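For reference, the structure discussed in these notes is given below.
The values are calculated or read from the model by the stated rules, or taken from the named source; none is laboratory data. Here the structure is a predicted model, which is why all the values come from computation and not from measurement. Because the Cβ atoms are built from the backbone with ideal geometry, glycine has one as well, and the counts that use them run over all protein chains shown. Accessible surface areas use protein heavy atoms only, side chains included; no ligands, DNA or RNA. Shrake-Rupley method; radii C 1.70, N 1.55, O 1.52, S 1.80 Å.
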Amino acid sequence: MALALMVFVLVALGFGRPRAITEGRWVFGMGVWFSLGVLSLILIAALWVGERILPHGPALEVRAHARQWAWSFSHPGAEGPVTSEGVLHIPAGRPVDVLITSTDVIHSFWVPQLGGKMDAIPGRENRLRLEAARPGTYEGLCAEFCGLEHAAMRFEVIAHDPAQWPPVSPEGPRP
Amino acid sequence: MNTPMNTPANTPLTPHDPASIPANPPQRALGLHRELDRVWRNAPGLRGQITAVSHTTLGLRFMVTAFLFFGIGGLLAMLIRAQLATPNGAFLDTALYNQIFTMHGSIMMFLFAIPMLEGLAMYLLPKMLGTRDLAFPRLSALGYWCYLLGGLILIAALLAGVAPGEGWFMYTPLSGKTYSPGINADVWLLGVTFVEISALSAAIELMVSILRLRAPGMKLTQMPLFAWYMLGTAAMMLAGFPPLILGSVLLEMERAFGWPFFDPERGGDPLLWQHLFWLFGHPEVYIIFLPAAGVLSTVIPVLCRTQIVGYGAIVAAILGMVFLSFGLWVHHMFAVGIPHLALAFFSAASMLVAVPTAVQIFAWIATLWRGRPELKLPMLYILGFFFTFVMGGLTGVMLAVVPFNWQAHDTAFVTAHLHYVLIGGFVFPMLAGVAWWMPLMSGRRRVRGLGEAAFWFILVGFHGTFFLMHLTGLMGMARRIPSYPENPEWTALNLSSSFFGFVMTIGFALFAIDLILQAGFGKRSVRNPWKAPSLDWAMALPPPNYNFASLPGPALQQAGAEAAMLALAKGEGLLPGAPRGRREILVTSVGTARPEHVAILPVNTGLPLLLALAISAFVLLMLAGLYTLAPLALIPVVTLIWIWARRAMAPLDATPIEVAPGLVLPVQPGDGGTLTRSGLVSLLFANGTFFASLLFGLAFISLVSPGPPRPLWPADRTVLLATGAVLALLAMAALGLPRALSHIETGRRAGAGLPVAFAANLLALALLLALGLGQLPDPTRHAADAVRAALVAYVGLHAAIATLFTAFALDQARRGELAPGRAGALRNAGLWQSYTLAAAAVTLAALWAQEAAS
Ligand code: HEM
Ligand SMILES: [Cu+2]
């Protein structure tokens, strides 16, 4: 924002009287060095944040499988994986890796409040690290255009209290 | 190419310093005008519209047609905004909504933005560079007709309700046969590829014209910045469009014949489409931006009564953008699961491209500071550009930062960013340019007041619409959805967005009315109303088809438009008038613009329209699924191209021409450095990127894609022998052609080299056919088989064209038309032959590597 303002002010000042300028200072000083400086700062910050949200260390693995136009999920239960339609169960307060696949076309798994987004591509498996800080229900949706009912391709993520993980029955008490 | 050889036929006097070329004696301007006009003008009436090849006519026509398509695209945008105005908008159903936003995006990108910039460049460049037309006038016309017919196919599909609905980037597998069974996707693939022919031909045309048609002595380093921008654009188009064309061809083959390039079940890979698409799609943004920046760099200094600050730095910035933008395509694929290190690299590259942009922005601001800016209408649009584009750039940096992108990818935020960049970076500068050059194009003055009103409506409407969409995006509203939940914050924002969208539409309507009023009823404009120094204003208004009665040498280029205008009209420049009744222009050397020869341009002809119609017959047959009939349509295509090439030959009786006192130039350059040859080199460059993209596809499918393993292909002895024979035959032809050429140039007959080359090509073609039909594994079995077959088909196509090239030269030899200094057909055949041989050898090596890798 400050940058945009700076440019606007400079443009506005341009409408004053003509004045002598040094080409080098404008073109190289401002154009090259100044912009390079700002960009490197942003890039460093971005890489730092990016590194933090990347999968590090082990995590609980759950699966998300997309098809036109619905999601099915599975999480490890007491005896083997438990599958569910349209609802993903995860424990709160600990990292979870979602393994994302698709049967037909490209979809994209996105839970805005938990951050991150990853495409579901037929023939591939993608991994996305999530962590819900608090138990609760989070809205998710398909974020890659996938045909007629794309807009209706929504789902829920239910983060359970770590003490009650794994949930006895997926349809059990909602937090 | 730079050093004309002296051949016995003509001994040109070539001064090393164009500045020393003396002036021609002045003549009566009116007499010259009549003489030139008779030769250069369009035929009267409707026939004139069909046969026109003049860059002035075609440039205008490109721009008018692009504006009409902009109107259609805008109408679709209004439908979108009407649908999104309320949460459960009920007036479009989902299928229709999908078609509408897909067509909106496709029309705006392919039928508005690209043709608009092509039209502007075609119209202006010859005028700015001081010449009379573009290098290949018939190609300009062909490009126009392909554009119009392709566009009409898309619009017809929209009206018939079978428009594509997969989004403007047509991701597979959604756009594959299984999930899009109708012809909707075929309409996109074939229609857009058809339109792409015009983009490629325009790119070749502009490239060659900028490099070879500049007025004598206008060094590359002195040419107007606009020409630099267009040079960069043309280069990017030559490198950027082939991957898209390849992708479309492959996807169409998958849809039509079941070759599984993108089908994961049979070893294909949907990501291959994404790579090919964005290999084009990202440079596309800069292809659109560069010409717009060219307009800014041209208009700002004149409106500030000063010179541009930092010419050299801007040229460097243009070159930097051209190279960097090709390193960026992956930034559209941040969410497909790409390794982190690669992501970091592409993030850095995405941000690096902001540096050349910043250089230009600060150069423009410095120009404003140095001069005394005048707040005329074009300046208003320039301010609109600054305001909008800088904000678009900021959101772009936000998107380039990976973690943020994960949040915002595919929301209304992206839609908003995209429109800030496209409308801020392209539409506003183009509107400035139109306002700027309208007096030139129409010869009339503007009606006061209306233009300013239009500007304010557009500015306020635009920001009202799209600023709010950033917010809805951040609140999590996805793009490409026809309805959304009844969330109170979303509802209000969307309604306001839609309201301002209609305000913007009113603005564009006012702008159009303003143009119509100006063209129809404006008072006659004085010459050079803006007091600009450049050559584009050194002519009568509206400009005659020949632009300049004589061509400006270095002195007149420096003199400023006012002084140059009179001297040029009186024929004091080079090559005055049209005393030989031919359309003549000067061809100069690439770097320093030393005059090399006089080129004779073709006259008005209906051939381009006929050829475009023949191509559209092919496209329509493909669309109808009549795959066996479609190749028949290629017969008229080839025949017409043959006629086209025969007509391109310079008349046999053309003698060297005295273009200025003591400076005699040949009509056929002794060293073969014709415009056609430069055009062919550009075409081969584009062809090379096409081939490289295909090899990339081969490597990607063989090495990167997961999926079922490639079935074995036990290539036996016959295959090895056959491929060896093909290579040997192509090499034989490649040796035979230069032999024939050296015979001709030393005054002998062509000899055996030419017929041998022809026979060798024909045989190679037959062998390739037999190989492809009999020996290769079924291409529908696995993607690896399909790519292999595609590569063989590519070589086969080139052998077929090489056969035609040699047949053409053989025909010329039979008619006795090949003579020293007149053997261009033979030289060009040789060039094509070498390329074919190289492509065949590389293909063989690549296929061998593919086998060895397994
Ligand atoms: C005239 C004013 C314009 C308005 C009101 C407008 C509005 C819109 C809206 C609302 C969308 C989002 C559709 C959706 O996601 O559901 C959209 C998409 C798009 N617009 Fe525009 N637009 C305008 C002009 C332009 C221009 C000038 C260009 C390009 C030069 C352009 C290129 C695109 C593209 C490429 C898309 C994406 C289509 C897709 O998702 O496949 N628009 N536009
Ligand atoms: Cu989906």
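Between the residues A:VAL111, A:GLY147, A:SER84, the greatest Cα displacement towards the positive end of the dipole of the range A:60-164, with unit charges on the Cβ of Lys, Arg, Asp and Glu, is found for A:VAL111. Considering only beta bridges that DSSP places wholly inside the range A:60-164, some 70 percent are antiparallel.
When a/c reaches 1.5 or more, the comparison of a/b and b/c decides; with that in mind, is the protein assembly as shown rounded, prolate or oblate per its Cα gyration tensor? Taking the square roots of the gyration eigenvalues as a ≥ b ≥ c, the protein assembly as shown is oblate. Ordered by solvent-accessible area of protein heavy atoms (1.4 Å probe), largest first, the residues B:LEU142, B:LEU632 come out as B:LEU632, B:LEU142. In a reduced charge model with +1 at each Lys and Arg Cβ and -1 at each Asp and Glu Cβ, the protein assembly as shown shows a dipole moment near 3720 debye about its Cα centre. Ranking B:LEU238, B:GLY217, B:LEU804 by Cα position along the charge dipole of chain B, where only Lys, Arg, Asp and Glu carry charges on their C-beta atoms, puts B:GLY217 farthest toward the positive end. Ordered from highest to lowest accessible area with the whole protein assembly present and a 1.4 Å probe, B:GLU374, B:GLU584 read as B:GLU374, B:GLU584. Peptide B:310-317 has a mean shielding of 3, counted as Cβ atoms of other protein chains within 10 Å of each residue's Cβ. Is chain B best put as rounded, prolate or oblate by its Cα gyration tensor, with a ≥ b ≥ c the root eigenvalues, rounded for a/c under 1.5, and otherwise prolate when a/b is larger than b/c, oblate when not? Oblate, since a/c reaches 1.5 and b/c is not below a/b. Rounded to the nearest 5, the antiparallel percentage of DSSP beta bridges internal to the protein assembly as shown is 75%. Entry note, chain B: the mean residue ellipticity at 222 nm calculated from DSSP H runs of n ≥ 4, each adding -39500 (n - 2.57), is -21500 deg cm²/dmol after division by the residues and rounding to the nearest 500. Please state the shape class of the range A:60-164: rounded when a/c is under 1.5, otherwise prolate if a/b exceeds b/c and oblate if not, all from the C-alpha gyration tensor. Prolate, since a/c reaches 1.5 and a/b exceeds b/c. Evaluated with a Cβ-only charge set (Lys, Arg +1; Asp, Glu -1), the range B:709-853 carries a dipole of roughly 400 debye about its Cα centre, given to the nearest 20. Close amide H contacts of B:GLY167 (hydrogens built in the peptide plane, cut-off under 5 Å, sequence separation of 5 or more or a different chain): B:THR102.
Under 24 Å of direct C-alpha separation, and excluding same-chain neighbours fewer than eight residues apart, B:LYS127 reaches these lysines: B:LYS219, B:LYS376, B:LYS523, B:LYS531, B:LYS570.
Across chain B, C-alpha contacts under 8 Å between residues 6 or more apart give a mean separation that, scaled by the residue count, equals a relative contact order of 19 percent.
When only the Cβ of Lys, Arg, Asp and Glu is charged (+1, +1, -1, -1), the dipole of the range A:60-164 relative to its Cα centre reaches about 200 debye.
Ligands, DNA and RNA excluded, the heavy atoms of B:ARG827 present near 50 Å² of accessible surface to a 1.4 Å solvent probe.
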